[in-house]
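*Asks:* Sending over a structure as structure tokens; questions will come in a sec.
Read-outs throughout are calculated quantities, based only on the coordinates presented, and are distinct from any laboratory measurement. Here the structure is a predicted model, which is why all the values come from computation and not from measurement. Note that each Cβ is placed from the backbone with ideal geometry, even for glycine, and that neighbours are counted across all protein chains shown.
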Amino acid sequence: MIGTPMKQLEIVAMLEHSLKSAKSRSWAEEVEENHCSTAQNHWKKFTEGKSLNFDAKLNFTEPLVRDGRKIAQIDLEEVKLKEASGKSTVICMVMGVMYQQLFLKGFIRRIWGHLGIMQIARMTKGLIMVKFNDEATRDEVLENGVIQFDRKPVIVRPWTSNLNAIKMVKSVPLWIRLHNLGLQYRGKKALSALKGSLL
């Protein structure tokens, strides 16, 4: 027996109290609750004053009507500004397959992130737009040659206002693995003959 009956009652009361508080909330629940409230606060600060629907910011512009046809009134200054901002932009396309945007964005940030990327956006038909800080950076990327993503060539072209994905590809570099090719066949003439038989 531990001490007096009064001491035993105090110990039992302390144990019951600790068991009740343990049942009401564990430390893991406290951490989870704290994490959730912190995440909610971050999200609230992030979304404050922002519209998640960009269409809501568009204004109605009355079209011109000529011969019963509606003609949009486009602000040419805005068009010129947007076109000028495209001069620091490249368009990328991975040959052969369509990848998830998340993987491509990560790849592009790993390859060119140190150069200063302003924006990466997915376009149609597997095209990815990468906007750099300036034209000089874009030119550096274009001059660096061919890059590969998952052993597939990535076609990189400067952005133009009349971009056509089909005309974008003029030539595709092709890598061929010749497994178990003997050293005697690795001369320039032998490799050229092998290449000629593949085309």
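*Asks:* Provide the gained length on full extension for the span LEU194 to PHE60, in nm with one decimal, where the gain is 0.36 nm per separating residue minus the Cα-Cα distance. Don't jump to the answer; show the numbers that get you there.
*Replies:* Working: separation 134, 0.36 × 134 = 48.24 nm, distance 6.32 nm.
That pair, LEU194 and PHE60, stretches by 41.9 nm at full extension.
*Asks:* Take the residue pairs LYS152/LYS189; LYS82/LYS105; LYS82/LYS125; LYS80/LYS131; LYS125/LYS195; LYS105/LYS125 and return only those whose Cα atoms are more than 25 Å apart.
*Replies:* Details: LYS152/LYS189 27 Å; LYS82/LYS105 23 Å; LYS82/LYS125 22 Å; LYS80/LYS131 17 Å; LYS125/LYS195 31 Å; LYS105/LYS125 16 Å.
Correct reply: LYS152/LYS189; LYS125/LYS195.
*Asks:* Let me ask another. Assuming 0.36 nm per residue, please report the length gained on full extension of the stretch THR124 to GLU83 beyond their Cα-Cα distance. Walk me through the numbers on the way to the answer.
*Replies:* Details: separation 41, 0.36 × 41 = 14.76 nm, distance 1.85 nm.
Contour length minus the Cα-Cα distance gives 12.9 nm.
*Asks:* Pick out, in residue order, every one of the GluC sites (Glu not before Pro) in segment 71-120 that is DSSP loop and has at most 11 other C-beta atoms within 10 Å; say none if there are none. Show your work: numbers first, answer last.
*Replies:* On the way: sites: GLU77, GLU78, GLU83; in loops: none.
Here no loop site has a sparse enough neighbourhood.
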